[in-house]
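Asker: Starting off with a structure, shown below.
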Amino acid sequence: MSVATISPKELHDSIKSGRRVQLIDVRTPAEFQEIHAATAVNFPLESFQPGTVLAQHSSSEPLYVICRSGSRARQACEKLQAAGCQNVVNVEGGTLAWDQAGLPVARGRRTISLERQVRICAGFMALTGGVLGMVVHPGFAGLAAFVGAGLMFAGITDTCGMALILARMPWNQVSTKPAAQSGSCSTQGPGSCCG
């Protein structure tokens, strides 16, 4: 399926012109809490239900999807298209491009991105397998081979099983939902999602 795209600046210009825009962010709650486009609402990809999103969406308007750099948003767009919503648009370059363009963001507590967590975990497993293979038993080298095969699979399919598992870990969850997640933001004070 082909997914339409839009640049962060074009989307922001639409928002500034007063056009009603629904922007969903499909990163983990912890990533979303760290930084997100000021108008985004969080629907994490690891628990993404197209029906839930579509129930809150006006079908006459495009549904814009953003993530860190574009890959997870494309996957969410494809899920939405498969559920019958053809008017979905992936924000090119994701939140990284949005922030680099100097567009409005909400910032919170810093976290380690899911992509970095995968690299750390895969590196640790490969190193452990290699060292144990040299010191304890050559069979442990299979762990490093398993990680290498997983990384190859992730690169070919653009789907990472380790990322799906890590996204569900407690450190990637937040204990309370930011106001932006509820769909309305009545708090305009310091520290609010709209402040």
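The values are calculated or read from the model by the stated rules, or taken from the named source; none is laboratory data. Computed from a predicted model, the values in this text were never measured in an experiment. Note: ideal-geometry Cβ built from the backbone for every residue, glycine included; neighbour counts use all protein chains shown.
Asker: Considering G139, G129, G133, which residue is of a type outside the set (D, E), free of Cβ contacts under 8 Å to residues at least 24 places away in the same chain and surrounded by fewer than 17 Cβ atoms within 10 Å (Cβ to Cβ)? Quick ask: steps written out before the conclusion?
Answerer: Values: G129 fails: surrounded by fewer than 17 Cβ atoms within 10 Å (Cβ to Cβ); G133 fails: surrounded by fewer than 17 Cβ atoms within 10 Å (Cβ to Cβ).
Only one candidate qualifies: G139.
Asker: Take the residues of segment 40-61 that are in contact (Cβ under 8 Å) with a residue 40 or more places away in the chain and assigned to a loop (DSSP other than H, G, I, E, B): which is nearest to R116 (Cα to Cα)? Explain how you work it out, then say what you get.
Answerer: We begin by selecting, within segment 40-61, every residue in contact (Cβ under 8 Å) with a residue 40 or more places away in the chain; these are 40-42, 44-46, 56, 61.
Next, from what is left, pick out any that are assigned to a loop (DSSP other than H, G, I, E, B): 44, 56, 61.
On the way: P44: 17, Q56: 32, E61: 34 Å.
Among those residues, the one meeting the criterion is P44.
Asker: Filter segment 147-164 down to the residues that are farther than 21 Å from G70 by Cα and surrounded by fewer than 13 Cβ atoms within 10 Å (Cβ to Cβ) and list them by number.
Answerer: A149
Asker: Continuing with this model, one more query. From the residues in segment 62-95 that are of a type in the set (S, T, N, Q) and either in a helix (DSSP H, G or I) or touching a Pro at 6+ places or on another chain (Cβ under 8 Å) (or both), which one is modelled with the lowest pLDDT?
Answerer: Residues of segment 62-95 of a type in the set (S, T, N, Q): 69, 71, 75, 81, 86-87, 90, 95.
Retained after the next criterion (residues that are either in a helix (DSSP H, G or I) or touching a Pro at 6+ places or on another chain (Cβ under 8 Å) (or both)): 71, 75, 81, 87, 95.
Working: S71: 87, Q75: 91, Q81: 92, N87: 90, T95: 95.
The selected residue is S71.
Asker: Starting from residues that are in a helix (DSSP H, G or I) and β-branched (V, I, T), keep the ones in segment 118-147 and report whichever is farthest from T159 (Cα to Cα).
Answerer: To start, the set of residues in segment 118-147 that are in a helix (DSSP H, G or I) comprises 118-135, 138-147.
Cutting the leftovers down to β-branched (V, I, T) gives us 118, 120, 128, 131, 135, 147.
Working: V118: 12, I120: 17, T128: 24, V131: 28, V135: 33, V147: 14 Å.
My answer is V135.
Asker: Additional query: Can you list residue pairs whose Cβ atoms sit under 6 Å apart, with the first residue in segment 74-91 being among the basic types (K, R) and the second being in a helix (DSSP H, G or I) and buried (at least 16 other Cβ atoms within 10 Å of the Cβ)? Count only pairs 6 or more apart in sequence or on different chains.
Answerer: K79/P50
Asker: Tell me, yes or no, whether segment 111-123 has at least one residue that is among the small types (G, A, S), at pLDDT 90 or above and farther than 28 Å from L23 by Cβ.
Answerer: In the first step, residues of segment 111-123 are kept if they are among the small types (G, A, S); the result is 113, 122-123.
Retained after the next criterion (residues that are at pLDDT 90 or above): 122-123.
With the extra rule that they be farther than 28 Å from L23 by Cβ, the set shrinks to 122-123.
Scanning segment 111-123, I find at least one residue that is among the small types (G, A, S), at pLDDT 90 or above and farther than 28 Å from L23 by Cβ, so the answer is yes.
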